[in-house]
Amino acid sequence: MATPDPSPASAYLTTKEVAALLRVKERKVYDLAAAGEIPHRRITGKLLFPSAEINAWIEGDTVSSERPAILAGSHDPLLDWAVREAGTGLATLFDGSGNGLSRFAASDAALCGLHIPDTQGWNIQTVSALELSDCVLIEWAERQQGLILSPDVAAQVHEISDLNGLRVAVRQPGAGARALFDRLVTSVDLSRAEFLDPPARTETDAATAVATGEADAALGLQAAAAQYRLKFLPLIRERFDLLIDRRAYFTPPVQALLAFAQTPAFHAKAAALGGYDLCGAGTVRWLSA
């Protein structure tokens, strides 16, 4: 049987090319992909088939389609603690919601944490627009976001506009907290505020910048402020979700994390950190097609 040309130009095959290779109708190829029975990728709504994996699949070789046991995306103190406390074995790459989505779309992570503001809520519109396949969005928690403040300036900051004249730690472009901050200051003149560079890449980094005196304020979580005994001005409640690959959902690391999230110890930790609402935790918020 002929095999695909391994040249870089044909590293990926179209549905039509795979159908011709297998001597079946294109509809059959779509059915195989929908059932997860043939190696494929869905990119901007279009199915593509990796030549090397198709060759191995035809020859009957085992092709591993499992994602690495990596949790990417946005940093959350409760999630960070749970991953370690539950002994999940998951590696973590917390570098913002946007970075996590990119890694997830490239199959470089099994799950990713998100808190991206949409026009009608959080995360769902953003994830839907990517036309991802074989994944589910599950609520982790609602969180209290606001301004983390040093004791020296807490008495003078009552709203976002009061950041003028202060040193402000901001998050990196692509981070959910950065998107939220940009939205909150859309109609506010902060021309006299000093935005620190480099940006804080995690919730802990943002709180640490304030705690050490490097910054006067930062947008962040109530939980992060509490860890450093810093003042906190609540601004908005947001939803933090986990985007999980369907196959990875049933693996031991992910199941260990989700099971631990139902324990009394987990709920006690959330209460101790502060700013978390777990009423909807575990709820399926979106399913891919």
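No value in this document is a laboratory result; all are computed from the given coordinates. Note that the coordinates shown come from a computational prediction; the quantities given were computed from them, not determined experimentally. Every residue, glycine among them, receives a Cβ derived from its backbone with ideal geometry; neighbour counts consider all protein chains shown.
Counting only DSSP H runs of at least 4 residues, each contributing -39500 (n - 2.57), and dividing by the residue count of the chain, the helix-based mean residue ellipticity at 222 nm comes to -9000 deg cm²/dmol. Let a ≥ b ≥ c be the square roots of the eigenvalues of the Cα gyration tensor of region 144-237; is it rounded (a/c under 1.5), or, if not, prolate (a/b larger than b/c) or oblate? It comes out rounded by the Cα gyration axes.
Computed over the chain, the range of Cα coordinates on each principal axis works out to 76, 44, 31 Å, biggest value leading. Neighbour counts of other Cβ atoms within 10 Å put Glu37, Glu139, Glu203, Glu131 in the fewest-to-most order Glu37, Glu131, Glu139, Glu203.
Take the Cβ-Cβ distance between Gln125 and Thr212 as r, set R0 to 41 Å, and report the resulting FRET efficiency rounded to the nearest 0.05.
Using R0 = 41 Å, I get an efficiency of 0.65.
Please work out whether region 33-170 counts as rounded, prolate or oblate from its C-alpha gyration tensor, where a ≥ b ≥ c are the square roots of the eigenvalues and a/c under 1.5 means rounded, while otherwise a/b larger than b/c means prolate and anything else oblate? Prolate shape, in that a/c is at least 1.5 and a/b is the bigger ratio.
Here each label is just a point 7 Å from Cα along the line to Cβ, and for Asp152 and Lys25 those points are 7.4 nm apart.
Testing the spin-label approximation: label points 7 Å from Cα along Cα→Cβ at Val185 and Asn55. State their distance in nm. My value for the distance between the label points is 5.2 nm. At an R0 of 25 angstrom, the distance between the Cβ atoms of Asn164 and Arg229 translates into a FRET efficiency of 0.45.
Between Arg237 and His267, the distance separating the two model label sites (each 7 Å from Cα on the Cα→Cβ line) works out to 1.7 nm.
Just give me a number: lysine pairs in the chain, eight or more positions apart or cross-chain, with C-alpha atoms less than 22 Å apart. Taking the Cα cut-off of 22 Å, the pair count is 6. Around the amide H of Asp118, modelled in the peptide plane, lie the amide H atoms of Asn123, all under 5 Å away and 5 or more residues distant in sequence or on another chain. The distance from the alpha carbon centre of region 9-29 to that of region 226-256 is 40 Å, rounded to a whole number.
With all projection directions averaged, the alpha carbon convex hull of region 8-59 covers 3.5 nm².
The HN-Hα couplings worked out from phi for region 129-141 by the Karplus form 6.51 cos²θ - 1.76 cosθ + 1.60 (θ = phi - 60°) are 5, 7, 6, 6, 10, 6, 8, 9, 10, 10, 5, 9, 5 Hz, whole numbers, x standing for Gly and Pro. Largest GNM mean-square fluctuation among Arg143, Arg183, Arg239, using the chain with Cα springs under 10 Å: Arg183.
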